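The structure appears right after this line, and notes come after that.
The values are calculated or read from the model by the stated rules, or taken from the named source; none is laboratory data. Treat the numbers as computed from the prediction; the structure is a model and nothing was measured. We place every Cβ from the backbone using ideal geometry, glycine too, and count neighbours over all the protein chains shown.
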Number of protein chains: 2
Amino acid sequence: MPLDQSEIKKYLQDFSEELLAEIASHAQIKEVPAGAEILREGQYVKVLPIVLEGLVKVFTRYEEKELLLYYIGSTQSCIMSFSAGLSNSPSRIFAITEEDSLLLLLPTDKLNNWVKKFPAINDLFYQQYNLRYTEMLDTINSLLFGRMDHRLYNYLLEKSKLKGEKILSLRHKKIAAEMGTAREVVTRVLKRLEQEGKVRQLPEGIEIT
Amino acid sequence: MPLDQSEIKKYLQDFSEELLAEIASHAQIKEVPAGAEILREGQYVKVLPIVLEGLVKVFTRYEEKELLLYYIGSTQSCIMSFSAGLSNSPSRIFAITEEDSLLLLLPTDKLNNWVKKFPAINDLFYQQYNLRYTEMLDTINSLLFGRMDHRLYNYLLEKSKLKGEKILSLRHKKIAAEMGTAREVVTRVLKRLEQEGKVRQLPEGIEIT
DNA sequence: GCAGGCTGGTGACCACAGTCACCAATCTAC
DNA sequence: GTAGATTGGTGACTGTGGTCACCAGCCTGC
């Protein structure tokens, strides 16, 4: 399927015409429904996804326990795919679409070339590494300092900002999974937060006050 | 002080003559004693260090508690400095020389240029981002899964590999600080590891069996 | 209607790490 | 020498989060 260059340009305005042309002739665009697996641990990477629309969740798993690392939003990319693609090593993380998404798939064998030739794409990846590095640092700090209530509250704040919703329709079970803890713990802590007046649990979902 | 280009080349063989010449005319080399602060949280970065010899410790601090993130060894660099330098944002981490070290200091205002012009230096930073990303992923997994004994044992293994010593002369207090825990906990866990036959505590230090 | 899922609310219990308060053995300074 | 600091070893206690068991309120399908 030949790609429409102007379609890509809508999302990636920083890219030069030359780069866009290269991408249009080698990449594909793919619509992916929510809940689809993009990348799993141990997998080798042939195409590098850039999220044009939607949301992709990245997480790690360790002996049945998982932990949300970060979300990939619009015009962002997955540095694990990038680094795994470049160095031809397997992925260490999982990625799943959280919403219906539109992905631009770049073939990794072209990437090495493009990175050298087009500063814009190079900058994109430096920015992404940067962003993820600091996000992971925050994750480490919050894990180290423990304090479930802080972690949960921050998690809800982030989630609310990301989705642009004031009332989050989230199952306790899902929160527990993403935070790498147990459902009962979420229930307990959420009630404590409610008593402290930081959140309200309504039938429709959780409201941050 | 004019730099000796061949001196730098000894360490960074992948760099082209042209890049080495650029570096020689703009960078400095600095000998730093053990225990010197290279970078602290909140600091803005003017020079990017590349470690030629020695060892630099990178860690985060959170309310009096610190946690070792990783070590920067020979021909490696500090991506926090790199990213903070490029985007002119403050550092999120601390860095201290662990041994007497020889550092190559690159001015960050040249960096942006060099990265675009010289693929070798670009590759170096991608490699470093990669490496640190996976190291931080391991840190997150070990924090998430808890298990102090595993963490401590892995810490000792890493340390032993890094220093190339079979017997580690380390204070319990220092181990505790680097792992973000308390001294008594280290003493306790270390004794358990000794009972399990995984380590031996000799007067000279800790031996991994 | 009712069975069988989910969901969340709860109490009891446990394990682990963090904290406190000591103490004994070394080492260091003067 | 002695005083003081550093190091490590220990017992007791605590708080937090993880686990277990169970129950009530639902929705959904048939």
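For the range B:168-195, filtered to residues that are out of contact with any strand residue (DSSP E or B) (no Cβ under 8 Å at 6 or more places or on another chain) and touching a residue at least 40 places away in the same chain (Cβ under 8 Å), the residue that is surrounded by the most Cβ atoms within 10 Å (Cβ to Cβ) is B:189. Whether any residue in the range B:131-143 is of a type in the set (D, E, K, R) and farther than 30 Å from residue A:179 by Cα is what I want to check. No: the range B:131-143 contains no residue that is of a type in the set (D, E, K, R) and farther than 30 Å from residue A:179 by Cα. Of all the listed residues (A:139, A:187), the sole one being part of a helix (DSSP H, G or I), assigned by TED's automatic domain parsing to the domain that holds residue A:58 and within 16 Å of DNA strand D (Cβ to nearest atom) is A:139. Taken together, the residues in the range B:48-89 that are in contact (Cβ under 8 Å) with a residue 24 or more places away in the chain and away from chain A (no Cβ under 13 Å) amount to 16.
Filtering the range A:153-162 to residues that are crowded, with 16+ Cβ neighbours inside 10 Å and under 18 Å from the mean Cα position of the chain (by Cα) leaves A:155, A:156, A:159, A:160. Reported count of residues in the range A:6-20, each being free of Cβ contacts under 8 Å to residues at least 60 places away in the same chain, surrounded by fewer than 14 Cβ atoms within 10 Å (Cβ to Cβ) and of a type outside the set (Lys, Arg), is 3.
Can you find, within the range A:40-50, the residue that is farthest from residue A:158 (Cα to Cα) among those that are surrounded by 19 or more Cβ atoms within 10 Å (Cβ to Cβ) and touching a Phe, Trp or Tyr at 6+ places or on another chain (Cβ under 9 Å)? Of everything passing the filter in the range A:40-50, A:45 is farthest from residue A:158 (Cα to Cα). Do we find a residue being of a type in the set (D, E, K, R) and either touching a strand residue (DSSP E or B) at 6+ places or on another chain (Cβ under 7 Å) or without any contact (Cβ under 8 Å) to a residue 60 or more places away in the chain (or both) anywhere in the range A:26-34? Looking for residues that are of a type in the set (D, E, K, R) and either touching a strand residue (DSSP E or B) at 6+ places or on another chain (Cβ under 7 Å) or without any contact (Cβ under 8 Å) to a residue 60 or more places away in the chain (or both), one finds at least one in the range A:26-34, hence yes. The lone criterion from (1) within 16 Å of DNA strand D (Cβ to nearest atom); (2) in the same structural domain as residue A:37 (by TED's automatic domain parsing) left unmet by residue A:156 is number (2). Of the residues contained in the range A:25-33, one or more are found to be over 30 Å from residue A:174 (Cα atoms) and polar (S, T, N, Q). So, residue A:45, is that one touching a Gly at 6+ places or on another chain (Cβ under 6 Å), more than 11 Å from chain B (Cβ to nearest Cβ) and under 30 Å from residue B:145 (Cα atoms) or not? So residue A:45 fits the description; yes.
Could you count how many residues in the range A:153-180 are within 13 Å of DNA strand C (Cβ to nearest atom) and assigned to a loop (DSSP other than H, G, I, E, B)? Within the range A:153-180, residues that are within 13 Å of DNA strand C (Cβ to nearest atom) and assigned to a loop (DSSP other than H, G, I, E, B) number 3. The number of residues in the range B:169-187 being away from chain A (no Cβ under 14 Å) and more than 17 Å from residue B:149 (Cβ to Cβ) comes to 4. Taking the range B:68-101 as the range and being in contact with a helix residue (DSSP H, G or I) (Cβ under 8 Å, 6 or more places away or on another chain), farther than 23 Å from residue B:179 by Cα and of a type in the set (A, V, I, L, M) as the test, only B:86 passes. The set of residues in the range A:142-174 that are under 22 Å from residue A:76 (Cβ atoms) and of a type in the set (S, T, N, Q) comprises A:142, A:154, A:160. Scanning the range A:116-152 for residues that are surrounded by 17 or more Cβ atoms within 10 Å (Cβ to Cβ), more than 16 Å from DNA strand C (Cβ to nearest atom) and touching a residue at least 12 places away in the same chain (Cβ under 8 Å) turns up A:118, A:121, A:124, A:125, A:128, A:129, A:132, A:136, A:139. If you filter the range A:136-163 down to residues that are more than 10 Å from chain B (Cβ to nearest Cβ) and of a type in the set (Asp, Glu), you find that the one that is farthest from residue A:97 (Cα to Cα) is A:149.
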